[in-house]
Amino acid sequence: MSRLETAENPQKLKRIAIDPVTRVEGHGKVTLLLDDADRIHQVRLHIVEFRGFEIFIEGRPYWEVPVTVQRLCGICPVSHHLAAVKAMDLIAGYGPLPATAEKLRRLMHYGQIVQSHAVHFFHLASPDLLLGFDSEPTRRNIVGVAQDFPEIAKQGVLLRKFGQEVIRHTAGKRIHGTGAIPGGMNKALTPAEREEIRRDVDQMIEWSLGAVHMVASLHRTKPEFYNRFGEFDSSMMGMVGDDGALDFYHGGLRAQAADGSTIFDHVDYSTYEEVLQEEAKSWSYMKFPHIRALGAEKGWYKVGPLARVQVASRLSTPLADIERKKMMALGNGKPVMGTLFYHWARLIEALHACELIRDLLDDPDILGTDLMADKGDRRGEAVGVIEAPRGTLFHHYRVDENDQVTFCNLIVSTTNNNQAMNEAIRSVALQYLDGRKVSEGLLNHIEVAIRAYDPCLSCATHALGQMPLEVDLVDASGDLIHRARRNMGAPT
Amino acid sequence: MSDYETFLLDGRPVRFERGQTILEAALAAGHYIPNLCHHPEFKPHGSCKLCTIKVNGRYGSACTVKAMPGQEVSSDTPELNGNRRVLLQMLFVEGSHFCPGCEKSGNCALQALAYDLEMLTPHYAHFYPSRPLDASHPDVLIDFNRCIMCELCVRASREVDGKNVFALAGRGVASHVVVNSPSGKLADTDFALTDKAAHICPVGAILPKRVGFAVPIGSRTYDVDAISTLAERRATEEA
């Protein structure tokens, strides 16, 4: 853990805030504490909103949860929908899903990977990469990209649309659908719907492959910069199938150290509490998870595209696997750790998801109508895990004999990356800001590092009841009348 | 004298049989008047006031006012529809009608009417009630936060099921539906999933358990057609 988390004498330092962090989902801010010589003493990514879903779904019937809880987010609601329903499959007592039902859920999920990765890369990240980190800020957005690179912007928009249409055909709506229900799916895919998706899938594979090549070519222009920007060693975690290949929908947990050695492998995710632990800190609404065996100081890890394409032994589709090998070759036998490699890995995953969609559309099972599993005995507790676009997502529930939720714990992808994002911005602050006069362009380097993780800050802030809170009551002239505080540590 | 006589509804003649209410006659003739507490199998109730019309210039509930020859009835007017939107807004803020997470969404008469009457916002300050669910019954769940006190469950349990499981308690703003058992819990009644009252709630207050979102989006009652269009089509098919 970096020494820059907490300054020794914060009251003597000047403070710079990036508030809000832009082109991310949700609301966050970064604070930097600097001395008179502009040396950096403290850097923190703060999450300044909260959701509270863990508490307010308590008492609700379990079958409602997969639909309710996806309202955490409008970017990748399918992740919460599927993680919750995987848990509720077990709570409701259902056995293994029929092949069609599981494949329809996978299709929905892969559609979401495509749309979420497309919206992140093209709409949120590409302005930095294509126009420059310190380019004119008023043009550093998707409109600026559309003006200078209209074909790339168009492909981004249409890739996202393709993913949204896959979701619509499987979940009933592009955002916040209801397709997955405990025990299976509520809707079959019609031949007409399959053909509509299939009509575009080869074009999407071609465009996503082109996007991977574009990021690879950007890397070739300044390899040292791309390798070293926000580079730091960390453990990584992702989900893999029995054969060790990346599996977005179901599998066991695998964690690797920075040197590529295995920390744990094929861990049954229902036992996640045996390998992971969460910690709360006074200055953020987002929890800090770590690998239990390594402790809080050394046990933090990365999740998401860069972690999972590297912890996986391979990708199951040919084009994506070739691109994965090309990227990993730059590590010379060790995992690559530069923050900007997240973009490269993310687009490899978008390509992988497009190939997986094509394969599923060619599978006769996808048009089946056997959508519900056989029902057995109810359970009181279950865990559902999925590889969401931003990383490993945990949903853990307990349900009483009246069918009401009594406990919920969510560890969302961005929460898993909390410490890693903080380390990334500390690394970038030391690399680019320490001792220099701060400019907008330099501050954007901090935001570039955060954006690379594609954080969903709204999803990550749900620990209602535990979060530190400070409420100031001020009069019309701005003078403090009363301050109420709860669970607060040292002020920043 | 002919068995059929007519009144004018928004300028159109509507035939009726003696004894019919204006609402019954209008619905039978394929002319929709918004309503929530009305049910063709039960006596008029006149509580939700959504069906408020003007009969010869005076306000009345279409579900209780008998049709008479020569009446001039107005219903689909900006004024009356505006009043209906206000009533809907008050129902929405009085309860906790969070459609995005409600399994009744797409099959809910309150939601369908809000769409049909173009209610764009709740307008009023939400009450944010926090009423405990009654999930004690093995087959049926009650979410009191969504009750609109139409009393259809009260009437169905009393008049069809012969059980008197539900009743209205309290007065004014404190009015609420209660379960008629010593504990107040549904599990301590003889209520059954097969009861009429288990399937009559127009909103998401009384729900058969473990059904949830089994009906996909696109196949729910009001997914394709508005509640008014559906009622008018049903009348045409029955005619």
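The values are calculated or read from the model by the stated rules, or taken from the named source; none is laboratory data. All of these numbers come straight from a predicted model, not from anything done at the bench. Glycine gets a Cβ as well: all are built from the backbone with ideal geometry, and neighbour counts include every protein chain shown.
Quick notes on this structure:
- Per-region count, region A:257-277, residues under 20 Å from A:N422 (Cα atoms) and surrounded by 19 or more Cβ atoms within 10 Å (Cβ to Cβ): 1
- Test: residue in region B:42-49 that is at pLDDT 95 or above and either assigned to a strand (DSSP E or B) or basic (K, R) (or both): yes
- Region A:57-80, subset more than 10 Å from every other protein chain (Cβ to nearest Cβ) and in a helix (DSSP H, G or I), residue surrounded by the most Cβ atoms within 10 Å (Cβ to Cβ): A:V78
- Residue that is touching a residue at least 60 places away in the same chain (Cβ under 8 Å) and in a strand (DSSP E or B), where the choices are A:T31, A:T22, A:T100: A:T31
- Residues (surrounded by fewer than 18 Cβ atoms within 10 Å (Cβ to Cβ), in a loop (DSSP other than H, G, I, E, B) and within 11 Å of chain A (Cβ to nearest Cβ)) located in region B:97-132: B:F98, B:S130, B:R131, B:P132
- Within region B:74-95, restricting attention to residues that are among the hydroxyl-bearing types (S, T, Y) and surrounded by fewer than 20 Cβ atoms within 10 Å (Cβ to Cβ), the residue that is farthest from the other protein chains (Cβ to nearest Cβ) is B:S74.
- Number of positions in region A:386-402 that are more than 14 Å from every other protein chain (Cβ to nearest Cβ) and outside any loop (DSSP other than H, G, I, E, B): 11
- Restricting A:T317, A:T369 to residues that are in contact with a His (Cβ under 6 Å, 6 or more places away or on another chain) and either under 26 Å from A:D200 (Cβ atoms) or modelled with pLDDT of 95 or more (or both) narrows the list to A:T317.
- Among the residues of region A:180-227, those that are over 22 Å from the mean Cα position of the chain (by Cα), within 14 Å of another protein chain (Cβ to nearest Cβ) and not in a helix (DSSP H, G or I) comprise A:I181, A:P182, A:G183, A:G184, A:M185, A:N186, A:K187, A:A188, A:L189, A:T190.
- Set A:V383, A:V336, A:V405: member being in a loop (DSSP other than H, G, I, E, B), crowded, with 19+ Cβ neighbours inside 10 Å and at pLDDT 95 or above: A:V336
- Selected residue (only one of A:D233, A:D259, A:D200, A:D242 is more than 14 Å from A:T392 (Cβ to Cβ) and in contact with a Phe, Trp or Tyr (Cβ under 6 Å, 6 or more places away or on another chain)): A:D200
- Just one of the numbered conditions (1) modelled with pLDDT of 75 or more; (2) over 25 Å from A:G338 (Cβ atoms); (3) not aromatic (F, W, Y); (4) not in a loop (DSSP other than H, G, I, E, B) is not true of A:L430: (2).
- Qualifying positions in region B:137-178 - among the acidic types (D, E) and in contact with a helix residue (DSSP H, G or I) (Cβ under 7 Å, 6 or more places away or on another chain): B:D161
- B:S61 surrounded by 13 or more Cβ atoms within 10 Å (Cβ to Cβ) and within 30 Å of B:E17 (Cα to Cα): yes
- For region B:168-201, the set of residues classified as among the polar types (S, T, N, Q) and either loosely packed, with under 11 Cβ neighbours inside 10 Å or more than 21 Å from the chain's Cα centre (by Cα) (or both) consists of B:N180, B:S181, B:S183, B:T189, B:T194, listed by residue number.
- Residues being without any contact (Cβ under 8 Å) to a residue 60 or more places away in the chain and not in a helix (DSSP H, G or I) - total across region B:138-159: 1
- Restricting region A:282-299 to residues that are crowded, with 17+ Cβ neighbours inside 10 Å and assigned to a loop (DSSP other than H, G, I, E, B), the residue that is farthest from the chain's Cα centre (by Cα) is A:W283.
- Test: A:I175 is modelled with pLDDT under 95 and either aromatic (F, W, Y) or within 28 Å of B:G101 (Cβ to Cβ) (or both): yes
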